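Below is one structure, written out as structure tokens; comments come after it.
The values are calculated or read from the model by the stated rules, or taken from the named source; none is laboratory data. Bear in mind the structure is a predicted one, so any value in this text is a computation, not a measurement. Keep in mind that these areas ignore ligands, DNA and RNA; they rest on the heavy atoms of the full protein, side chains included. Shrake-Rupley method; radii C 1.70, N 1.55, O 1.52, S 1.80 Å.
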Amino acid sequence: GGEGQLAFSDMQWETKSIPLNNIILDSDNPRLGPYNQSSDVAALAYLVEHENVLGLARNIAEYKNLYPHESIICIPIEDGNYIVVEGNRRVAACKLLSKPYLIGAAGDESEIPKIDDQTLFNLTTAGLYRRHATNCRRNHC
């Protein structure tokens with residue numbers, strides 16, 4: 001909602017490229033409902049089933065990248081990983097496009113568009129610029 005966006009605007013952000021494999025879906029996101037506090041796989045399944053992540057994946061595949069104005073915001077956690085604060089659906093869509101088998105029981109791999117090597121590169125490396133607060137830890141910003 002609007003309140004969270006106000007809080008983000010007061011933080012110091014930097015933009016950097018983070019490998020998709022180092023980004024973890026925010027399983028505390030209220031949008032995840034009963035899957036809250038669960039695994040990355042369960043969070044992904046919920047987003048596929050309830051938040052039209054496949055439709056978003058089709059749009060991203062067609063554009064061959066994320067739209068430039070759609071930042072993904074994440075904060076550093078342990079082991080060089082980052083957790084999504086804003087953009088769970090976009091990260092889930094990118095994960096599915098890069099590794100369709102992640103859909104698991106939530107759907108059928110054939111529903112996920114095939115992407116070319118350049119799109120894969122865009123989504124897993126240079127194309128995914130993420131802003132994060134340099135001195136921000138989860139729930140203590």
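Listing for the model above:
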read-out: Å² per residue, accessible surface of the range 60-100 at 1.4 Å; value: 43
read-out: Under 5 Å, built H, 5+ apart or other chain: amide partners of Ile72; value: Arg131
read-out: Which of Lys16, Lys95, Lys114, Lys64 is most accessible, then next, and so on - probe 1.4 Å; value: Lys114, Lys64, Lys16, Lys95
read-out: Rounded to whole Hz, the Karplus (6.51, -1.76, 1.60) HN-Hα couplings of the range 41-46, x for glycine and proline; value: 5, 5, 4, 4, 4, 4
read-out: Backbone HN-Hα couplings from phi across the range 114-122 [Karplus 6.51/-1.76/1.60, Hz, Gly and Pro as x]; value: 6, 10, 7, 4, 5, 5, 4, 4, 4
